Protein chains: 2
Amino acid sequence: MHNGRVRHSVTIRDVARLAKVHPGTVSRALNPDTRALVNAATAERVADAAAQLGYQPNPIARGLKTNRSFTVGVLVPDITNPLFPPILRGIEDRLSRSGYTTLIVNTDNDSERERAALETMRARHVDGFITATARLEERVLSGFALSGTPIVLVNRGLEDGSLPMVGVDDRAGTLLAVEHVSSLGHRQIGHVAGPQDTSTGHQRYLGFLDAVASCGLDVEACPVSFASAFTEAGGARACAELFADGRELTAIVAANDLLALGCYDVLAQRGMRCPEDLSVVGFNDIPFIDRLRPPLTSVRVPQRDIGAAAGDLLLECLADPAAGRQIWLEPTLVVRGSTAAPRDPRRGSGTERLPA
Amino acid sequence: MHNGRVRHSVTIRDVARLAKVHPGTVSRALNPDTRALVNAATAERVADAAAQLGYQPNPIARGLKTNRSFTVGVLVPDITNPLFPPILRGIEDRLSRSGYTTLIVNTDNDSERERAALETMRARHVDGFITATARLEERVLSGFALSGTPIVLVNRGLEDGSLPMVGVDDRAGTLLAVEHVSSLGHRQIGHVAGPQDTSTGHQRYLGFLDAVASCGLDVEACPVSFASAFTEAGGARACAELFADGRELTAIVAANDLLALGCYDVLAQRGMRCPEDLSVVGFNDIPFIDRLRPPLTSVRVPQRDIGAAAGDLLLECLADPAAGRQIWLEPTLVVRGSTAAPRDPRRGSGTERLPA
């Protein structure tokens, strides 16, 4: 960056502001490879604005950008999971500023579709990838590390840390949830765990085990059941299992919000009230969860920030293929109406039981 | 289709079932242009299954498919609006069966980004488009009708009907909403309308005017305020306007669910209860809206069906560029806890008011 001629004080954003267009449009208009994508009058306005401000594209960056398609591929496992749209918005916020179009593929949690989507997009010459899919094999991902096409992982990492990633500390988040209900007086706390072949499901399960130990809870009184998918139906089935053998529970910590909604459904079927009969905690703090009956206490994951960090990290990798780091964002707990002190911490299922 | 050698009884789905793969994988494996996208063992299994069943790809369809990229571009205006993910799933359900990968672009309701996304995808040789964006200029869309790249519109049409589209009857849906609250006894019904430069916003507004007339309501007692965006914040601002001049209302019909949620926020701020003090009706019946406090009465739009119909329609257009029709799906009303009879149809804002 030791180029005396670069005027660092004038940026692409200044030009965009003067020309009253998106920074992405400036990038396209000033790049000979992409100028045809911008309408002629707009391109002229951008060129005028750039001249007026004395804007000079950074020649080093310009050099790196040669042959760029200015498209990025993003893979999400399930677009109907409300967790992902804000992450996608965060990604786009950052990439569109730099002139990139984001192509999203929903893989439906199907590893065959994930692989096909990656190949299809690679064939269309995307400059890089961001993937939030949990099931893509390490083998396929590791191939990327070698191929030179930058890829950033969201909400999962490779065990050897060889690819850049953005995630939250899932174990710490689950600890927050268990500590919260434990501090309210709960001692019989069940965990509705996510699928164990996903990194988030597995880490949150490990976090639950950690938390049971660190809160001094009785492992026998804190059962775990595993959902086969991060869905409401999966949560309902796993929650029903927790109660199947007449077990006594006063709180459930679910591995995500959709699983917690499945728990709400089971409570309703069993005529139990939340939080009076059972406290429920979710994970992710997805949109609208604060408007539910009752509003769900949840571990907040800064979804849009995760997306923005992933977008920034990919831009770093595009500028310098040797860049790439692991970014961990801290979860927080948002306490709402679905958690309260147990009416009687040792209460059984019969209402006729006398206080101990 | 008068080809005697085509065995209509064996389909790509039969081959997929036998080979235990996705129909999309069969399509890729049997197409010389895309075979490299499938792993070798899978391709062989597919070829074996096809041979065993005597499957012969339809040669006419095969001919049409030459030089296909098997990718389709889908434009959505706001991926964080819960209306769109189920539509996207419906689209993918149909297209992936036929071997197509769906590339989604979120345009953030920005016509410059919509145009750039279309151009970017066209440059990447997608075979066709589905667009749910409301603001794309008629001029740009009409260009597609001429260019030969099939495009299907979702939730909007061109005035001259020159492009294939799938939508719901927005006017009929709004009529259902107004008839419902009118039949409960409401006579002072406000409309929180959507942006009038969107087809849905405009049609639902016209539907409200129709309904006021057909239900014999007093136009003066049924005010309208216009939101600048289909968002909770937009709905809250428009709802506050309805009350700004001390007007008396007992029900609000909102042009979509997010606007209705904005109305909920204003009610909470004003210490009013729903439905006791004010009934609220939404439109779209988005996911989770049945879990709100109170559960929202809403005009149900069959989102996944709309997506599926759009996917089917695009496949028709890909097979026969002269195909293309307008598909209208009927909305229905889902009555939930946010609507009830007014306590006193002529009640004002003061609680001390005596019955008339």
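Just one of the listed residues (B:Arg28, B:Arg68) is at pLDDT below 80, surrounded by 14 or more Cβ atoms within 10 Å (Cβ to Cβ) and either assigned by TED's automatic domain parsing to the domain that holds B:Tyr100 or not in a helix (DSSP H, G or I) (or both), namely B:Arg68.
Filtering B:Gly201, B:Gly167, B:Gly161 for residues that are surrounded by fewer than 24 Cβ atoms within 10 Å (Cβ to Cβ), within 20 Å of the chain's Cα centre (by Cα) and at positive phi leaves a single hit, B:Gly161. Against the condition within 14 Å of chain A (Cβ to nearest Cβ) and within 30 Å of B:Val72 (Cβ to Cβ), how does B:Ile327 come out, does it pass? Criteria not met by B:Ile327. Give the residue that is surrounded by the fewest Cβ atoms within 10 Å (Cβ to Cβ), with candidates limited to residues of segment A:83-101 that are within 18 Å of the chain's Cα centre (by Cα) and within 7 Å of chain B (Cβ to nearest Cβ). Looking at residues that are within 18 Å of the chain's Cα centre (by Cα) and within 7 Å of chain B (Cβ to nearest Cβ), I get A:Arg89.
For segment A:263-284, the candidate set comprises residues that are within 12 Å of A:Ala238 (Cβ to Cβ) and surrounded by fewer than 24 Cβ atoms within 10 Å (Cβ to Cβ); within that set, the residue that is farthest from the chain's Cα centre (by Cα) is A:Val266.
Within the span defined as segment B:312-330, every residue fails to be buried (at least 16 other Cβ atoms within 10 Å of the Cβ), part of a loop (DSSP other than H, G, I, E, B) and modelled with pLDDT of 95 or more. A Cβ distance below 9 Å, combined with a sequence gap of six or more or placement on separate chains, defines the contacts here; from segment A:217-230, residues that are in the same structural domain as A:Val181 (by TED's automatic domain parsing) reach residues that are surrounded by fewer than 17 Cβ atoms within 10 Å (Cβ to Cβ) and of a type in the set (Lys, Arg) in the pairs A:Ala221/A:Arg247; A:Pro223/A:Arg247.
The values are calculated or read from the model by the stated rules, or taken from the named source; none is laboratory data. Predicted, not measured: the structure shown is a model, and the values here were computed from it. Backbone-built Cβ (ideal geometry, glycine too); neighbour counts: all protein chains shown.
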